1. Work out, step by step, the length gained on full extension between Glu179 and Met1: first 0.36 nm times the residue separation, then minus their alpha carbon distance; give nm to one decimal.
2. What is the range 74-132 by shape, rounded, prolate or oblate, if you read a ≥ b ≥ c off the alpha carbon gyration tensor as root eigenvalues and call it rounded for a/c under 1.5, prolate for a/b larger than b/c, and oblate otherwise?
3. List, in the order given, every pair from Lys143/Lys193; Lys98/Lys206; Lys32/Lys193; Lys20/Lys123; Lys91/Lys123 whose Cα-Cα distance in the structure shown is over 26 Å.
4. For the range 60-85 and the range 123-167, what is the centre-to-centre distance using only Cα atoms, to the nearest Å?
5. What do you get for the angle between helix 23-40 and the principal long axis of the chain? Use alpha-carbon atoms, 0 to 90 degrees, nearest ten.
6. When the accessible area of the chain is computed with all protein chains present and a 1.4 Å probe, what percentage of it is carbon and sulfur?
7. What accessible area per residue comes out for the range 102-216, rounded to a whole number of Å², with a 1.4 Å probe?
8. Modelling each spin label as a point 7 Å along the Cα-to-Cβ direction, I'd like the Lys98/Ser214 distance in nm, to one decimal.
Amino acid sequence: MTDREAILARHSVRNYTEQKIEADKVELIREKIRELNAEGTLHLQFMEDAGNTYNRLLNRAMGLASAPSVIACVGPDGEDLEERIGYYGEKLVLYLQKLGLNTCWAGTFNQKNIGAEVAAGEKLVISIAVGYGQTPGNVRRSKTLDQVAVAEKEMPEWFRNGVEMALLAPTAINQQKFEIRLKDDDTVEFIDKGGVFSQVDLGIIKCHFEIGASEE
Ligand SMILES: Cc1cc2nc3c(=O)[nH]c(=O)nc-3n(C[C@H](O)[C@H](O)[C@H](O)COP(=O)(O)O)c2cc1C
């Protein structure tokens, strides 16, 4: 499965089967996390047993309490931490999709129950539920290219492809509050238009855009 195929297949999944993630996959996930943590200077952690991470009423009502495992998204506190979590966390989400797993980013969770290691100077930003979904999830409504992209000239195909993949990115409450601007010199600017977890969203958007824009 290519990155593009993983993007097309991914949807937020909130209802999971009881099937645990197999030991060989757990090892691959841990290995991938080591790689991403080194690259992004992060402290992402795979919690094989999600325990009571999703025992809040809202999570239970949405089904997330059924997730067998969870990723705790932790990193050194700093200005761009949330964006880096979004960018590298989404790389992990797409990797999990390729392993046949389903995921859901979740800002609502029980910070105490997740059991993550949060060292001095570090911050626990968000969680990602992971497991085998009861279904692969659903296609949801989306803004259009014209609603999020602005260009100072005719949009080249690589730019359109990038925006197309960005529109398939998960954003908190599906807010899609971002703008992608193409400058005359072919540089691209990503604008955060606010909202809850919008910096995490922006990192996720950049990850998807890069995949779309680098297609052959
Ligand atoms: C930063 C972030 C936080 C999110 N928090 C939650 C959450 O707390 N609970 C939940 O059920 N879904 C949460 N989601 C999932 C979004 O609702 C979902 O990505 C969005 O509706 C788009 O749907 P899709 O992921 O299927 O494309 C979150 C997504 C992101 C990116």
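The values are calculated or read from the model by the stated rules, or taken from the named source; none is laboratory data. What you see is a predicted model; the values in this text were computed from it and never measured. Cβ coordinates were reconstructed from backbone atoms using ideal geometry, including for glycine residues, and neighbour counts include every protein chain displayed. Only protein heavy atoms, including side chains, enter the accessible area calculation; ligands, DNA and RNA are left aside. Shrake-Rupley method; radii C 1.70, N 1.55, O 1.52, S 1.80 Å.
1. 61.2 nm
2. Since a/c reaches 1.5 but b/c is at least a/b, the shape of the range 74-132 is classed as oblate.
3. Beyond 26 Å between Cα atoms: Lys32/Lys193; Lys20/Lys123.
4. 19
5. Relative to the chain, helix 23-40 is tipped by roughly 50 degrees.
6. 48
7. 50
8. 1.1
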